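Read through the structure below, which is laid out as structure tokens, and then see the notes.
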Amino acid sequence: MDLRGRSLVTVADLTKDELLFLVEEAAALRSAKREGREVPGLQGRHVALIFEKPSTRTRTAFEVAAHDQGAHTTYLGPGESHLGSKESVADAARVLGRLFDGIEYRGASQRTVEVLAAHAGVPVWNGLTDRWHPTQMLADVLTMRDHATKPLEAIRLCYLGDGRNNTANSLLVTGALLGLDVRIGAPQPLWPEASVRDLAQSLAASSGARLSVTEDVGEAVRDADFVYTDVWLSMGEPAAEWDRRLDLLLPYQVNRAVLEATGNPEVRFLHCLPAFHNAETEVGREVLARRGLQALEVDEEVFESPASVVFDQAENRLHTIKALLRATLGG
């Protein structure tokens, strides 16, 4: 399958067959790395990593993936690229496209990554924006493929929490593309936007996916094979917003009762990380002091349980990003 020169700014940029091709390639690359038989295929390639929002997994996955394949990376951290401040995004894209073979962007604006892709003339990959998180989806699909005991199309995936964030948006559309049963369990003020739901429904019409959005946790998790959640808070939000969001989201915490409510003893827990599952972070300590809560979106018991496959999921960022680099930059 020829994906050379292609960008990935939303998961809907891929067809079902293309997405599954990348996942299969990632599985093969993972085996090759573990067995010491990986063959570099990107020697002499140069990749720009633009991070207007810092990251652990996305940055390290892109760097290790590129280096394993013989490519070189240049990291431009927050405040170093001047996108949209001292230089327009379109102008920067045209410069970077002449210097690099591919560009990764992680930041607040989906519009920025779309302009980069439109003007760079080289592949541009969305490492996360306010609206979409497509590279995470590749890792999530590989992880579900690894741990599912049924065909991918038969998987029942439940996401609990903030249903309008980039992860929830991307899961809904990815599930629709692949034909999964996807449930979003969220308070109604935090349901996915109508445009996201319309896109997912249009894809589901072709794939046969079953999609639902509900406030009812029990309905959302019933018979689920995977329960997924994401962070509720960030340090950049005002304290008043923390309290409002916590009041909305506390009923959607993933805990033992939620996993038991699936009725599936083989249910697995997913999280794109970082997770606030205890008070061992700055956010966790502040929430403990303010609200007396030991955990937020998932409790310690579930996070550390045999049901949790979050570190497999995190490792799979490397292998799926490597597959994406090879497919879009390969000769």
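The values are calculated or read from the model by the stated rules, or taken from the named source; none is laboratory data. In this text, all values refer to a predicted model and were calculated from it rather than measured experimentally. For neighbour counting, all protein chains shown are included, and Cβ atoms are generated from backbone atoms with ideal geometry for every residue, glycine included.
Of note:
- Hits in the stretch 113-156 - residues which are polar (S, T, N, Q) and surrounded by fewer than 22 Cβ atoms within 10 Å (Cβ to Cβ): THR149
- For the criterion of being surrounded by fewer than 20 Cβ atoms within 10 Å (Cβ to Cβ) and either part of a loop (DSSP other than H, G, I, E, B) or in contact with a Lys or Arg (Cβ under 7 Å, 6 or more places away or on another chain) (or both), ALA108 passes.
- Listed conditions (1) touching a strand residue (DSSP E or B) at 6+ places or on another chain (Cβ under 9 Å); (2) in contact (Cβ under 8 Å) with a residue 60 or more places away in the chain; (3) not aromatic (Phe, Trp, Tyr) are all met by LEU96, apart from (2).
- Check on ALA117, aliphatic (A, V, I, L, M) and either in a loop (DSSP other than H, G, I, E, B) or in contact with a Leu (Cβ under 7 Å, 6 or more places away or on another chain) (or both): no
- Residue list for the stretch 28-63, restricted to those being part of a helix (DSSP H, G or I) and either touching a Lys or Arg at 6+ places or on another chain (Cβ under 7 Å) or crowded, with 17+ Cβ neighbours inside 10 Å (or both): LEU29, ARG30, ARG57, THR58, ARG59, ALA61, PHE62, GLU63
- Contact map, the stretch 110-137: residues that are over 21 Å from ARG45 (Cα atoms) paired with residues that are aliphatic (A, V, I, L, M) and modelled with pLDDT under 95, Cβ distance under 6 Å, separation 6+ or inter-chain. Pairs shown: ASP130/ALA108.
- The helices (runs of 4 or more DSSP H) found entirely in the stretch 238-331 include none that carry 3 or more residues being in the same structural domain as GLY70 (by TED's automatic domain parsing), in contact with a helix residue (DSSP H, G or I) (Cβ under 9 Å, 6 or more places away or on another chain) and more than 30 Å from VAL124 (Cβ to Cβ).
- Pairs where the first residue, in the stretch 64-77, is over 11 Å from LEU325 (Cβ atoms) and the second is among the β-branched types (Val, Ile, Thr), C-beta under 6 Å, 6+ apart: LEU76/ILE50
- Unique residue being under 20 Å from VAL254 (Cβ atoms) and either at pLDDT below 95 or among the aromatic types (Phe, Trp, Tyr) (or both) when the list is TYR105, TYR159: TYR159
- The criterion of being of a type in the set (Lys, Arg), within 21 Å of GLY330 (Cα to Cα) and either at pLDDT 95 or above or outside the structural domain of ALA27 (by TED's automatic domain parsing) (or both) holds for ARG98.
- The stretch 8-33, residues that are among the small types (Gly, Ala, Ser) and over 18 Å from GLU114 (Cα atoms): ALA26, ALA27, ALA28, SER31, ALA32
- Matching entry among PHE21, PHE62, PHE100 (being under 17 Å from GLN313 (Cα atoms) and aromatic (Phe, Trp, Tyr)): PHE62
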